[in-house]
Structure formats: C-alpha cells, structure tokens
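Take a look at the structure set out below.
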Amino acid sequence: MGLGKWIEARSSRAGLGALVLVLAVPLAGASAAGASLLTWSQPELVDHQPPIRHAVIIAGVSCASIDFCAAVDDEGSVLTSTDPTGGFAAWRITLVEGVPIEAVSCPSPSLCVAVDRAGNVLSSKDPTGGATKWEVKRVDRSTRVLSVSCPSTSFCAAVDAAGRILSSAHPTGGASAWRKVGVADRLTAISCPSVSLCVAVGDRGDVVASTHPTGGPGAWSDATVDSRPFQAVSCPSPSLCVAADIHGAVTASTDPAGGAAAWHVTQVAGHPSLSGVSCATDALCVAVGVFGELVTSTDPTGGPSAWEASRVLSQGGFLGGNPVSCPSPSLCVAVDLPGDVLTSTDPAGGASTWTATRVDGYQSLRGVSCPRSSFCVGVGVRGHIVTSTDPSGGPPAWRVAAVDAGRITSVSCPTRSFCAAVDERGHVITSTDPTGGAGAWRVTCTRTRPPCGSIEAEGLFNGVSCPSSRFCVAVDEAGDVVTSRHPDAGAGAWKRVSATRGPGRNEDLTAISCPSRKLCVATDFQGDVVTSRHPTRGRRSWKVTRADRSHRFPALVGVSCPSARLCVAVGGRGHIVTSSHPTGGPGAWKRRVVSNDTLNGVSCPSAHFCVAVGHHGRVVTSRHPLGGKHAWKPTTEDFHSLTGVSCATIDRRRCVAVDGRGAAIVGQRP
C-alpha cells in the first residue's frame, strides 16, 4: 500500500472523509539524458481490459474515413482504430501526456492534431504508432484550447477559451507556426470545411466566420444568431453549417459567412441538451446530448419536423469538444463519459442501430515482479494479474487475467515457474504457471477468524516476498507475518505470527523483502524496520528497529534487500534508509533525503544498482546505494504516479515500473 492510499484510508477511518489527491504531472518522453542509469520507454497501458474500474471521459473523436478514427480523453490518452466498429480489441490506447485532451481532428490517417487544457497542440503523422509518434508543443500559453478542425494536412484552425482563433499552415511546426487572433469573448467550437472557410461558435450564441482564416481580426465576421450558448458546430461543406446548443436547438445555414440573417434556429422536440454535432454530408447530420440523447436529420435545414430525437443512447452522456464524428452516411462514431465508443452503420436509423463498447479506462497496478528481463508479472486493484514474456513489446505483449475479487497489493516471482501474490482480503494467490491465465492461479485464504473479506477482518496483506518457490513471507496491516515453506499447498501450509504488537506500537506492516530463508526485512508506517534471521520461528524472532527517526511522515512503504549486506527502504518525503547490516539496530541504518517525491517502491537487483519510484512519477537511481545523498540521482523523466518497480534479478538488464493508471514503463540498462 503506497503512502497516498494509506493517508486516504487513515482519513476515512478517522471519520474525516476520503482525501483525494489530484496530480497534474507533465509526462516527458523517454530520455537517457542527465544522470539516469536507465533509458525509459513511454508508459504503455497494459491493464485496460474489461471489467474496467476507472472509466474516463472520452472528450472527442475524429474519423478521417470509415477505416480510421482517433479519440482523445481527459486522462491524456489517444485512442486509435483502423476498424472502428470492431469492438474493444480494435482500439489501441496510447498514453501521450498528463493533461486532459479536449479535442482532435484527423484530416487523414497520416495526420491527427489534438488540443489540450494546457494550451498544447499534439500532433502525429503516425497516429497508431504509439506515444513516441506524438509531439506535444505549447502553442497557447494563456488558456485552454477547446476545439480544433483540420480540413487538410496543411491547415488547421482551433479556438481557445479566451475567444481567439489559432490557425496554422504547418500544424506540426510548434508555437511559431500558429497565429492567434482575438475575435470574440469566448468561443467553444470550430469547423472548417475547407482552407477557405472556417466557422466558430461561442457560448453567447454568436457565430464568427471567415473566408480567409489565416487573416487578421478583420477577416472574421461576428454575428449573434441565438440567445443560448453553442456547444458544437459542423460544416460538411461550404454550403452548410449546423450548430447545436445546450437548450436543444440546432441552428443551420446554407451561407455560413452571410451574417445573422443567414442562420435559422430550430428547436428539437423534447429540448435535449446538445453537446455535439457531426454532418457526414449536406443530407445527414447527427447530434448527441449531454444526457445521452441522439438527434438525427436527413434534411438539416428542413425545420423542426426534419429532426428526430431518439431514446437515450448513452447512460453516461456526451461531453467534450467533438463527441461525435460521421465520416460518411454509412458510419458514425460517438464517444461518451463512461469511456464508451458507440458506432452505427445506419446513423439515420435511430438509437437501435447503435452499438456501445467500453474501450477506455484502466485498472490501477499496485505491484510488479520481474525475475528476468523476459518475464514480468504485475498486479492490480481489481484482482487483475498482468503477465508478459516481452515487457517492452507494448500492450499486445501483456496478458490480463482476472483471478481475484479483491485488490491485489503485492507480487513476488522468484522464477518464471512460480509467483505468489497477496490481496487486501487476506488471500494468498499462487501459480506454478503464471502466464497460464486465470485458471492457473490458486486463491487461498490464510485466516479463519474473522474470515477473509469480512468487514471485521484485520490484517489485510500489504506485501509478499519469496526468495524461492519453497519459501514465502507476507506481511499485513495488523502487524502479522505469515510464512510458508510450501506456499502453493493451501491454507494449512501458512503460519501466522504477530511480529510487532506491543504497547503503543503501530501495527501496520507495509512491505517485506527476504533475500533468503535466513533473513527477512519488513517496514512499517512509523519508520521502523522489522527484521528476522529466523522468519518461521515466531514473534520473538522478529526485532523492531527505528530506522527513520524523522518527525514528519516517517512512513516506510517499500524495501529491497538483494543480500544480507544491503537493504534499502523508501518512504515519505523522498526518504531512503540504507544498511549493510540490517539486523544491527538503529545505528546500522542511515537516512537520506534523495527526492522531493514520496517514494512508493524500490528495487535493488544487486549491491551496485537500485531504482526507486515516486508518488508523483519521479525516478531516482544509484550505483552506490550505501553512499550519501548525492549517490542517488534523479532522472529527467516525470511520469504519472508510480506505484512499484522491479528490476530483473538474474540478467539485470531491464527494470519495469507500474503506475496507478494501468501502465507499464520499461527501463533499459545500457
């Protein structure tokens, strides 16, 4: 359990309510610069398969053709598909940055341009090629960019929340390639059917249009055509534009630059609150609503009777910059708040022609173990176990198995043929064939009173360590240590002892590392290390030592001991405590502050190499773990919240970190 999760749990227990931490950390690309001892890959979402725990808002979608669509979400990911109606497996999720992305426009499968909440433009000439194929460049420093439209690969226009038009004839060229022109108080959406016409709408019912979009303020006309805020606009050709507002009206024009008189407002029956509209042609428009409504027309300028509202299409509703895209009359794709992609090959046929598939979301990963560079196992909060024999192979190289109903907190794999994991319900989960799917894992309850998973149960497991397939030790929140010499033999093979209980003691044990049967080192939230040279002998064989004597947040939440001559523990406020004699008492442990990040995990495959990862996505490495503060070097990468790390203990060429969004990040040693 990481420090952030512990704070939330303790706040809840104290009746203070849940403490929610929102982290907005920019995501950097892979780099070997600086003092880093590893070259890190971009995060790859390896656990985003149903059932999905954390749904996200897919804010926008753009389909260049019936064979290519790209969508963006509020978690900084891009979703792409060359078979939009193919269901979950047909969509690839790429984590590009750590900022919510507002909208996307793809004039062709070879170019997509997106805009985000921080004023960045994201572009890719190979949208399906993964995170490294996307460039993120700051274009608008003052405010969020809300919508973008690219009628061709050589022209894009966008609008920001300050009422400015951003245009570029070189969309991938960075800030200098974009021109900003202030034309209104606040614009919400834009559509450009060609390089010679762009139409934007605002939240005061105004329409601004230009036949020379790269011109100055004078090139734009401003007309108030509705009294209600516009949310979206779609122009399939220069002879038709349709705007939608939040009070259920569509406003259409066959002469979009002709001023207010050229626009006609039509109230749709039922007054749906419209948030998006897309017109495949002048003879087909599809609008979607905030509460999941679907509104269609084959005669967009035909008045109220030409628009038909269907039953609710999405239970979550449609929110974002452009939540629907219709590249042709034979395909429309919509995206919604719960992370669904909805498709129809007969968009005018009503809600019954649409199919919804949950494609976006993630399972938080909480631990990882990699005995070899070619084998890794990660565990997640929804009972998922992810395995790979090629950890750097991206999402397709990872297999997901739902093996448990509880939150799995830790995993230890001494070899490729044995792994043991533990969960917060008191179970040990073992397998002699970790890549064999859910059926290859055995779930064992190690307690009887109270039973596993009961409300009264204490002793929820936080960590497990197996120096071999014949010996495992787990620790829990009740201060208990549970050991087994036959970990795959069932409940009777596990022995429980209370290692830390005593007057005034904090009972939470947070992590454990056993380099052999003759030494185990655990950590707790008071800054203690709990050690034993005879882990199976009972309570008296365990010794509690204060290792971190700082007064504020001394919690130690991770530990790694590659041998009896080196142990490294990490915790709050970037603290690292190290020892070459772990059982030697307080004087044998030295504390250093090596990061401004709360450290959640550490892995030392040898005495000459350690990697620690942090709650804010920071990584620190060391070739001399027992050295001073400066022996630990921060890397140049900033990822999302990292929950665990494991470096291969056999060939030692690769480290794999996991994060709270179901992603794996691979670090390669030179």
(message) Which residue is farthest from residue 478 (Cα to Cα), if the candidates are limited to segment 543-553 and must be open to solvent by 10 Å² or more (accessible area, probe 1.4 Å) and in a strand (DSSP E or B)?
(response) 546
(message) I'd like to check something: does segment 442-453 contain any residue that is open to solvent by less than 10 Å² (accessible area, probe 1.4 Å), under 18 Å from residue 369 (Cβ atoms) and in a strand (DSSP E or B)?
(response) no
(request) Sort through 377, 381 and tell me the only one that's farther than 21 Å from residue 418 by Cβ and buried (at least 21 other Cβ atoms within 10 Å of the Cβ). (result) 381
(message) Looking at segment 335-343, can you tell me whether even one residue there is at positive phi, surrounded by fewer than 16 Cβ atoms within 10 Å (Cβ to Cβ), touching a residue at least 24 places away in the same chain (Cβ under 8 Å) and part of a loop (DSSP other than H, G, I, E, B)?
(response) no
(request) Please state which of the following conditions residue 168 fails to meet, knowing it meets all the rest: (1) open to solvent by 10 Å² or more (accessible area, probe 1.4 Å); (2) in contact with a Cys (Cβ under 6 Å, 6 or more places away or on another chain). (result) (1)
(request) Filter segment 595-609 for residues that are assigned to a strand (DSSP E or B), of a type outside the set (Phe, Trp, Tyr) and either surrounded by fewer than 24 Cβ atoms within 10 Å (Cβ to Cβ) or modelled with pLDDT under 95 (or both) and give the result. (result) 599, 600, 605, 606
(message) Take the conditions in contact with a Gly (Cβ under 6 Å, 6 or more places away or on another chain) and not in a helix (DSSP H, G or I) and apply them to residue 309. Does it pass?
(response) yes
(request) Any chance you could count how many residues in segment 527-542 are in a loop (DSSP other than H, G, I, E, B) and either β-branched (Val, Ile, Thr) or crowded, with 21+ Cβ neighbours inside 10 Å (or both)? (result) 4
(message) Condition check: out of contact with any strand residue (DSSP E or B) (no Cβ under 6 Å at 6 or more places or on another chain) and either open to solvent by less than 20 Å² (accessible area, probe 1.4 Å) or among the hydrophobic types (A, V, I, L, M, F, W, C) (or both). Does residue 197 satisfy that?
(response) yes
(request) Mind listing whichever residues of segment 620-641 are aromatic (Phe, Trp, Tyr) and in a strand (DSSP E or B)? (result) 632
(request) Look through 301, 281 and report the one residue that is open to solvent by 10 Å² or more (accessible area, probe 1.4 Å), in contact with a Ser or Thr (Cβ under 7 Å, 6 or more places away or on another chain) and either over 15 Å from residue 353 (Cα atoms) or of a type in the set (Gly, Ala, Ser) (or both). (result) 301
(request) Could you give me the residue pairs with C-beta distances under 8 Å whose first residue belongs to segment 281-300 and is part of a strand (DSSP E or B), whose second residue is of a type in the set (Lys, Arg) and open to solvent by 10 Å² or more (accessible area, probe 1.4 Å) wherever it lies, and which are 6+ apart or on separate chains? (result) 294/311
(request) With respect to residue 398, determine if the residue is under 30 Å from residue 435 (Cβ atoms), surrounded by 18 or more Cβ atoms within 10 Å (Cβ to Cβ) and among the hydrophobic types (A, V, I, L, M, F, W, C). (result) yes
(request) Would you mention how many residues in segment 623-641 are in contact (Cβ under 8 Å) with a residue 60 or more places away in the chain and of a type outside the set (Lys, Arg)? (result) 9
(request) Give the residue that is modelled with the highest pLDDT, with candidates limited to residues of segment 459-516 that are open to solvent by less than 10 Å² (accessible area, probe 1.4 Å) and in a loop (DSSP other than H, G, I, E, B). (result) 487
(message) What pairs come out if I take residues in segment 401-420 that are within 9 Å of residue 379 (Cβ to Cβ) and pair them with residues that are modelled with pLDDT under 95 and polar (S, T, N, Q) whose C-beta lies under 8 Å away, six or more apart or interchain?
(response) 409/462; 410/462
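Select from segment 575-593 the residues that are open to solvent by 20 Å² or more (accessible area, probe 1.4 Å) and over 13 Å from residue 521 (Cα atoms) and list them in ascending order. Give the derivation first.
As a first pass, look at segment 575-593 and keep what is open to solvent by 20 Å² or more (accessible area, probe 1.4 Å): 580-581, 583-584, 586-588, 590-593.
If the condition is that a residue be open to solvent by 20 Å² or more (accessible area, probe 1.4 Å) and over 13 Å from residue 521 (Cα atoms), then 586, 587, 588, 590, 591, 592, 593 are the ones that fit.
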(message) It is to be established whether one or more residues within segment 147-162 are open to solvent by less than 30 Å² (accessible area, probe 1.4 Å), in a loop (DSSP other than H, G, I, E, B) and in contact with a Ser or Thr (Cβ under 7 Å, 6 or more places away or on another chain).
(response) yes
(message) I want to confirm something. Restricting to segment 48-76 and keeping residues that are modelled with pLDDT under 80 and either crowded, with 23+ Cβ neighbours inside 10 Å or acidic (Asp, Glu) (or both), which single residue is nearest to residue 124 (Cα to Cα)?
(response) 48
(request) Kindly list, by first and then second residue, each pair from a residue in segment 60-79 that is more than 15 Å from residue 116 (Cα to Cα) to a residue that is open to solvent by 10 Å² or more (accessible area, probe 1.4 Å) and among the acidic types (Asp, Glu), limited to pairs with Cβ atoms under 8 Å and residues at least 6 apart or on different chains. (result) 67/83
(message) Residue under question is residue 367, and the condition is that it be open to solvent by less than 20 Å² (accessible area, probe 1.4 Å), in contact (Cβ under 8 Å) with a residue 60 or more places away in the chain, in contact with a Gly (Cβ under 8 Å, 6 or more places away or on another chain) and not in a helix (DSSP H, G or I); does it hold?
(response) yes
(request) Taking the options 644, 617, name whichever one is touching a residue at least 40 places away in the same chain (Cβ under 8 Å), assigned to a strand (DSSP E or B) and under 26 Å from the mean Cα position of the chain (by Cα). (result) 644
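The values are calculated or read from the model by the stated rules, or taken from the named source; none is laboratory data. In this text the structure is predicted, and so the values were computed from the model without any measurement. In this analysis, Cβ positions are derived from the backbone assuming ideal geometry, glycine residues included, and neighbour counts consider all displayed protein chains. Calculation scope for accessible area: heavy atoms of the full protein, side chains included, ligands and nucleic acids excluded. Shrake-Rupley method; radii C 1.70, N 1.55, O 1.52, S 1.80 Å.
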